[in-house]
Structures are given as structure tokens and as C-alpha cells.
Amino acid sequence: MIGTWIEEIKSILRPELNSLEDFLLPPAGDVEIAQAEQAIGVTFPDELKQLYHIHNGESRNGPGLFFGLQFLSLDDMVSEWKIWSDLQPEYQELGDHYSIPSGWIKEQYINKGWLPFCHDGGGNHLGIDLDPAEKGIAGQIINFGRDEEMKHVIAPSLGEFIHFMRDTVREGNYTVVEEEGMGYWMYGRNEQSRLLRDAQMYAMGHIMQQSEGQESEQLDTWFASLDPIWRNLITEGYGDAASFVSAHQIYLPDAQLSDIRPLSRCTQVRELLLNRNEIEDITPLAHCRELKKLHLFRNPVRDLSPLQNLPYLQILNIEDTQVQDLKPLTNLSRLSELDCRGTAVQDYSSLAQLTTLHKLAISAPTRQAAAFIASLPKLCELTILGADEWEEEDWEQLGRMLPLRKLYIGALHKPHIHYLSSYSQLECLTLYDSQIEDISALADLPALKELKLMEGCSIGNLESIGGSVTLEKFTGTFAQFELLKDAFAQYVNFSQMIGEMTDEQQDIWIRHTR
């Protein structure tokens with residue numbers, strides 16, 4: 001059927017875009033397909049083989065078989081896949097990524113199981129997903145690439161997607177564009193941005209429970225019932241009620257909000273930022289079951305229990321709230337980042353149950369809290385502010401027990417930090433508002449690559465850091481830079497400075513960093 005649909009697409013487009021067929025390449029043979037499979041290390045789905053048996057991609061200046069996205073030849077597919085594969089070890093988790101719908105696509109920047117079959121020329125693709133998340137289907141069609149943070153399951157299979165293309169051209173829902181003598185086509189009538197959503201709804205509407213299912217008349221009535229503040233926020237930020245309730249990212253900082261009941265309609269939101277409002281009751285958020293990131297910084301929130309059944313919540317910021325109890329968070333099996341600085345929490349025993357945490361920020365922790373933190377097996381980034389109660393053994397056990405790679409310490413006043421010698425995996429240390437008489441222990445840390453001395457730091461015996469053979473980057477004041485600029489055997493990056501410099505000091509710094 002794929003062949004029949006492709007031929008019908010070409011036939012319908014021929015009067016307006018006759019160049020398309022001129023750029024399509026001859027079929028690929030079984031040997032070429034087998035070689036591509038071997039190079040990537042996978043077996044292609046049958047529908048992908050069928051597609052390449054029809055055409056082995058298109059020429060690089062072609063108008064783009066897939067709504068203007070150029071069809072990659074097998075050689076180009078392998079080349080693009082290898083580029084991504086080489087980048088994966090360092091950049092797999094780069095940035096924030098979202099699966100639409102939740103749980104279908106692994107939320108990563110790069111995955112070797114994504115096979116690109118077309119591209120936009122700028123590092124973005126449609127591809128076959130052979131490594132889906134727990135709800136996904138092997139062979140589903142997704143978007144991914146340099147600019148694609150929102151990853152949509154466009155269709156459950158390649159055949160379904162090409163069927164959508166055929167129906168789209170039958171209905172005339174496309175636009176042909178001529179630019180500088182070159183023609184290409186695009187989805188919709190100048191509405192290219194709707195392609196991902198419309199293709200997804202065409203193929204998967206029976207699977208997904210989309211907020212588009214809310215009747216427009218009901219939304220109009222609901223919108224009219226809102227107070228003027230909410231109506232204004234929705235109109236200015238999202239255009240209309242339908243766009244608001246279907247948004248995947250909602251940012252409402254400094255909006256003087258106290259009543260957030262309208263958010264209960266936003267059942268597809270993945271990222272929600274509500275910083276610096278007047279919110280006490282977050283009960284409506286219990287309906288936002290797709291939430292991945294939630295920011296409640298500086299709100300008078302006390303009770304987190306409405307969050308306890310959010311299955312996808314990974315990142316939570318409750319800094320400077322009135323939260324006293326972290327126990328509701330123990331149900332969150334995906335929680336990986338928590339910022340609870342400046343809260344009213346006294347009992348940190350619940351931390352021990354947050355075993356999925358990779359990143360934690362905490363202030364004024366007790367010695368008991370130190371023991372609970374030390375039990376978190378995956379914690380690799382820790383921010384601690386004002387650990388006045390901690391003894392040396394509390395710091396030491398964190399280094400022994402945790403795979404810490406990044407450590408941020410604020411308001412530390414100690415004669416020395418020899419107890420950090422146990423932090424054998426530590427790569428980045430940041431200090432701020434701290435007074436330390438002897439920092440020499442850092443010179444012997446075997447993995448330390450970056451040291452940042454931020455505002456308010458008074459550090460003694462700093463010149464001893466010159467003995468570090470692993471340090472690659474230093475941030476500090478000009479006086480600290482001048483002390484260390486020639487102290488290392490290896491090259492150290494001093495490109496970031498703290499505080500002001502005179503013109504003469506700036507000249508010295510510029511000459512050194514060139």
C-alpha cells in the first residue's frame with residue numbers, strides 16, 4: 001500500500017510541483033538495504049524497506065517528499081545516524097525534552113534507536129523510533145533533532161504517516177512555494193507549525209486523550225466565567241482558551257495569582273512555571289497529570305499532597321515556600337531534581353525514599369538530614385546552603401557514599417575543608433559567601449576540573465590550588481586570578497571573572513586570556 005499512496009501523492013502534486021519526481025532517486029536494492037542495516041546495527045521495519053524499494057531518497061536540492069523535508073538516501077541516513085551516534089556519549093541528556101504524549105518517547109536529545117529518513121537541512125528530522133519509552137510502539141514516527149525539544153509521536157508506523165500524507169494532498173491541505181526558481185511544498189495553508197499536532201491527531205486521536213476534545217462552546221462558556229486577570233493572561237499569552245488548555249508549556253511568573261483553578265483544564269501541560277505568585281492551594285494541579293517540570297518558587301504553598309499522584313513529575317522547585325512536609329513526594333517514582341531551599345521542612349527523613357534523585361538543593365540542613373542525603377544512590381549534584389550544624393564526618397560520608405560530580409556550597413565558615421578529600425568523583429566545586437582559611441585540600445582531588453569562587457568568598461592558602469594537575473577552569477576575582485594565572489603546569493581557562501576591574505586590571509586579564 002505504501003507504493004500506491006506514494007504514487008498518488010506524486011500524481012496529485014504533479015501539476016503544481018512537477019520537479020518532485022525529477023529529484024526522487026531510483027529504488028534501492030536488497031543489498032543496499034542490508035548494508036545500511038548492518039552499518040546501523042538494526043533490522044529495518046518492513047514498511048521502511050518498502051519505502052526504499054520505491055525510491056532511495058531524493059537529490060539534495062530536491063523539494064522535499066515529506067512536506068518539504070528532504071527524503072534521505074540510505075547512505076545519507078547512515079551518515080546522519082553516525083553523526084548523532086558519535087555525539088551521544090557526551091550529549092544524550094543535553095537540554096529539556098518532552099514526549100507528546102507522555103511515556104511514548106524517551107526524553108533524550110539523542111538516541112541511537114532513532115533512524116532519520118528525512119531532514120530539514122538544519123539538523124532536524126522525522127525518523128523511525130526503534131527504542132520507544134514504556135507506552136510507545138517500536139516503529140513509531142517521531143520528530144527529533146537540534147531544535148526539537150517537544151518530541152511528538154506523529155504516527156504509530158511509517159505506513160500510517162504516509163497514509164496521512166495521501167489524505168492531506170487529496171484534501172488539498174498543502175501549499176506549494178516558489179523561491180528563487182526552486183519549488184517546495186509544505187503542510188497546510190501556511191500553517192506548517194500544525195503538522196506535528198495534526199498528523200498526530202490523524203493517526204492517534206483514538207489513543208490520545210487530547211484537550212482538543214473539549215467542545216469549543218464549553219470552552220467559550222468556561223473562558224467567559226473566568227475573572228479578568230485570567231482572561232487577560234490567556235488572551236495575551238496564548239491567544240484563546242483552546243490554545244491555553246492544550247499548551248505543553250505554561251509560564252505565569254509574577255502574575256499576582258492566588259486562585260489557580262483554571263489550570264485544572266490544562267491536562268496536557270508538561271512544564272509549568274508559577275514563580276513569585278500568591279498561591280497557597282495547588283489542588284488544581286492534581287489534574288495536570290502530564291507534568292514533568294513544576295516551579296513554585298516563592299509562593300506561600302504549604303501542602304504538596306496534590307502532587308503525589310503525578311506520574312511523570314521529574315523536576316520540582318519549592319524554594320522559598322512554606323512547605324513543611326516532603327512525604328507526599330515519596331510517591332513520585334521519577335523525581336530526579338528537587339530544590340527545597342528556604343522551606344519550613346524540619347523532618348528530612350522522607351529524603352531517604354527519594355531514591356531517584358540526581359540533583360538536590362537544600363538549606364540549613366541538620367546532621368540527621370546529612371545522613372538521609374548520604375543514602376541517595378544516584379545523587380550527583382548537590383547544593384547546600386548554611387550547613388552550620390554539620391561536623392567533618394557529615395561532609396566526609398557524603399563523599400564516600402555518593403557519586404557527586406557537582407557541589408555548590410554557600411555560607412560555609414571553616415578553617416579548612418580537608419574533609420572534601422573523600423570526594424573522589426567531584427568535577428565542579430562552587431563556593432559563595434564563604435570564608436575558608438585553608439583550601440589546599442582541593443589541589444589533591446583527582447577529578448576536579450572546575451573551581452568557582454563566587455561573590456562573598458574569602459579564601460586562604462589559595463595559591464596551593466596551583467598544585468592541581470586536573471583543574472581546567474577557574475572563576476574568581478581579579479586578585480585571585482592574578483595569584484593563580486601562572487601557577488599551573490597545564491592550561492587553565494580564566495575567561496570568567498567575578499566583580500569589577502580597573503582598566504589596567506582588565507588589560508592584564510585580556511592579555512592573559514587571549
Discussion item. I'd like the full set of residues that are under 23 Å from GLY499 (Cβ atoms), loosely packed, with under 15 Cβ neighbours inside 10 Å and either of a type in the set (Ser, Thr, Tyr) or not assigned by the TED database to the domain that holds LEU398 (or both), limited to the stretch 422-472.
Written reply: SER458
Response to the item:
Checked pairs for the stretch 367-388, first in a loop (DSSP other than H, G, I, E, B) and surrounded by fewer than 17 Cβ atoms within 10 Å (Cβ to Cβ), second at pLDDT 95 or above and of a type in the set (A, V, I, L, M), C-beta under 7 Å and 6 or more apart or across chains, list as LYS378/LEU357
Item to complete: Tell me, please, whether a residue that is touching a helix residue (DSSP H, G or I) at 6+ places or on another chain (Cβ under 9 Å), part of a helix (DSSP H, G or I) and crowded, with 21+ Cβ neighbours inside 10 Å can be found in the stretch 124-143.
Response: no
Worksheet entry | First in the stretch 296-325 and closer than 18 Å to ILE260 by Cα, second anywhere and among the aromatic types (Phe, Trp, Tyr), Cβ under 7 Å, 6 or more apart | ASN317/PHE297
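Select the helices (runs of 4 or more DSSP H) contained entirely in the stretch 1-82, then report the ones holding at least 3 residues which are at pLDDT below 95.
Output list reads 2-13, 19-23.
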Discussion item. Can you tell me which of (1) modelled with pLDDT of 95 or more; (2) under 34 Å from the mean Cα position of the chain (by Cα); (3) not aliphatic (A, V, I, L, M) is the one GLU93 doesn't meet?
Written reply: (1)
Worksheet item: Between residues in the stretch 337-358 that are touching a residue at least 12 places away in the same chain (Cβ under 8 Å) and residues that are assigned to a helix (DSSP H, G or I) and of a type outside the set (Asp, Glu), which pairs lie under 6 Å by C-beta distance while being six or more apart or on different chains?
Response: TYR348/ALA369; TYR348/PHE372; SER350/LYS327; SER350/THR330; LEU351/PHE372; ALA352/PHE372; GLN353/THR330
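Going through GLU280, GLU217, GLU236, GLU271 one at a time, which residue ends up being surrounded by 17 or more Cβ atoms within 10 Å (Cβ to Cβ) and either outside the structural domain of MET150 (by the TED database) or without any contact (Cβ under 8 Å) to a residue 24 or more places away in the chain (or both)? Full working, then the answer.
On the way: GLU280 fails: surrounded by 17 or more Cβ atoms within 10 Å (Cβ to Cβ); GLU217 fails: surrounded by 17 or more Cβ atoms within 10 Å (Cβ to Cβ); GLU236 fails: surrounded by 17 or more Cβ atoms within 10 Å (Cβ to Cβ).
Residue meeting the stated conditions: GLU271.
Quick one: would you say GLN490 is assigned to a helix (DSSP H, G or I) and either modelled with pLDDT of 95 or more or not hydrophobic (A, V, I, L, M, F, W, C) (or both)? Please lay out each step first, then the result.
On the way: assigned to a helix (DSSP H, G or I): no; either modelled with pLDDT of 95 or more or not hydrophobic (A, V, I, L, M, F, W, C) (or both): yes.
It is false that GLN490 is assigned to a helix (DSSP H, G or I) and either modelled with pLDDT of 95 or more or not hydrophobic (A, V, I, L, M, F, W, C) (or both).
Tally up the residues in the stretch 474-500 that are aromatic (Phe, Trp, Tyr) and in contact with a Lys or Arg (Cβ under 7 Å, 6 or more places away or on another chain), please. Talk me through it step by step, then tell me what you get.
Filtering the stretch 474-500 for residues aromatic (Phe, Trp, Tyr) gives 474, 478, 481, 488, 491, 494.
Those still in the list that are in contact with a Lys or Arg (Cβ under 7 Å, 6 or more places away or on another chain) too: 494.
Count: 1.
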Item to complete: Among the candidates LEU448, LEU471, single out the residue that is in a loop (DSSP other than H, G, I, E, B), touching a Leu at 6+ places or on another chain (Cβ under 9 Å) and under 21 Å from LEU398 (Cβ atoms).
Response: LEU448
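Which residues, taken from the stretch 303-326, are closer than 19 Å to SER264 by Cα and not polar (S, T, N, Q)?
Once the filter is applied, which keeps residues that are closer than 19 Å to SER264 by Cα and not polar (S, T, N, Q), the stretch 303-326 yields ASP303, LEU304, PRO306, LEU307, LEU310, PRO311, TYR312, LEU313, LEU316.
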Worksheet item: Which of the following residues is in contact with a helix residue (DSSP H, G or I) (Cβ under 9 Å, 6 or more places away or on another chain), among the small types (Gly, Ala, Ser), assigned by the TED database to the domain that holds GLY188 and buried (at least 17 other Cβ atoms within 10 Å of the Cβ): ALA28, ALA39?
Response: ALA28
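Just for the stretch 283-331: of the residues that are among the β-branched types (Val, Ile, Thr) and outside any helix (DSSP H, G or I), which one is surrounded by the fewest Cβ atoms within 10 Å (Cβ to Cβ)? Don't jump to the end; show me each part of the working.
First, pick out the residues of the stretch 283-331 that are among the β-branched types (Val, Ile, Thr): 283, 301, 315, 318, 321, 323, 330.
Retained after the next criterion (residues that are outside any helix (DSSP H, G or I)): 301, 315, 318, 321, 323.
Numbers: VAL301: 21, ILE315: 18, ILE318: 25, THR321: 24, VAL323: 22.
The qualifying residue surrounded by the fewest Cβ atoms within 10 Å (Cβ to Cβ) is ILE315.
The values are calculated or read from the model by the stated rules, or taken from the named source; none is laboratory data. Since we're looking at a predicted model, the values are computed, not measured. Backbone-built Cβ (ideal geometry, glycine too); neighbour counts: all protein chains shown.
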